[in-house]
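The next block holds one structure in the form of structure tokens; read it before the comments.
The values are calculated or read from the model by the stated rules, or taken from the named source; none is laboratory data. If you're wondering where the values come from, they're calculated on a predicted model, not measured in any experiment. Neighbour counts are summed over all protein chains in view; Cβ atoms, including those assigned to glycine, are modelled from backbone coordinates with ideal geometry.
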Amino acid sequence: MDYEMEEFTGELFRVAGLRVTGFSLFVTVGAVIGLVMALRRSKKTGVAADAVLWFAMLGIPLGLLCARLVFVLYNFSDIKYYGFWYIFRMDCGGFTVMGASLGLLLAGWLAKKITFTRFTDLMDTVLPGLLLALAMERFGEGATSNGTGLEVSARALQFFPLARPGIYEGMYTYAVHMFEGMTALVAGVYTQGMTAPRGRAAGTGLILAAAGQIVWESIRKDDRMMFDMASLLMIFCAAVLFILLLLCLIRLDWPLGGKAIAMAGFLLLAAATGALQFFMEGKFVQAIPVWLCFALSCVTTAGIVWLCLRVLAAATED
């Protein structure tokens, strides 16, 4: 049985019959900026431009495919309605940062094999540019799509880009993705100037961007929330931070006890952050207890960032 797909909205114009939207323009400009910045940075890091170009050629299709695949798997019931080939309907939209990250990771590994470049050196070269591309994607989603949170009750905050008109007339919603985009932009600009070798720039960028995603996603509550306390993206970013911490600890010659303390500290901070999110129940209202929980959650997240950065610095010392 065939089901009619949702009407496509946001079209600006068409090129050879393909719809072009405002969001797609943000993404395209972001990708170009990211590539240019990576090629410029390759002169500082000593990575061959060919490795950057291989990463771009592999990363664009793999990033899009994995971003689409993860989205469809998360909304698996859509396949039942639209059929198996709906997975590859890129024109229907529906992409995730999580899937794109996995696709880019695979592209980096393949580019490493093809060009015989160290993986950490390649990531140091391309990741600052990727963060700028992520910033453009988030700005595009916040400006043209539903990258928003709950209603803004304070009139003083009802202005773009802090808030934007919601679905219902008279309601303004938090532009969550605008804040996430700003965090990615700061992380990208900051790491662009870093010349430290052995993955420090890439690791720093990942830590800052992942922590920013966790904080800003915590003020949103919608159908992406799990257990009324965390979104799938928040859990994914926490896993990225923990894996990065483990990789750094493996490279250190610390005693086992010291490594265990670092891991225990991370898990305790993560547990505290999760507990505070549970008490917040994903709500962002003007009530002292909720504001206090949110503030404490930001503090525990900052503790995770501090711990990861300290371990990263130790692991990347010459």
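Worth pointing out:
- Residue in segment 235-254 that is modelled with pLDDT under 85 and part of a helix (DSSP H, G or I) present: no
- Which listed residue is modelled with pLDDT of 90 or more and among the acidic types (Asp, Glu), from 50, 91, 2: 50
- Count of residues meeting criterion [more than 17 Å from the chain's Cα centre (by Cα) and either hydroxyl-bearing (Ser, Thr, Tyr) or crowded, with 19+ Cβ neighbours inside 10 Å (or both)] in segment 29-42: 5
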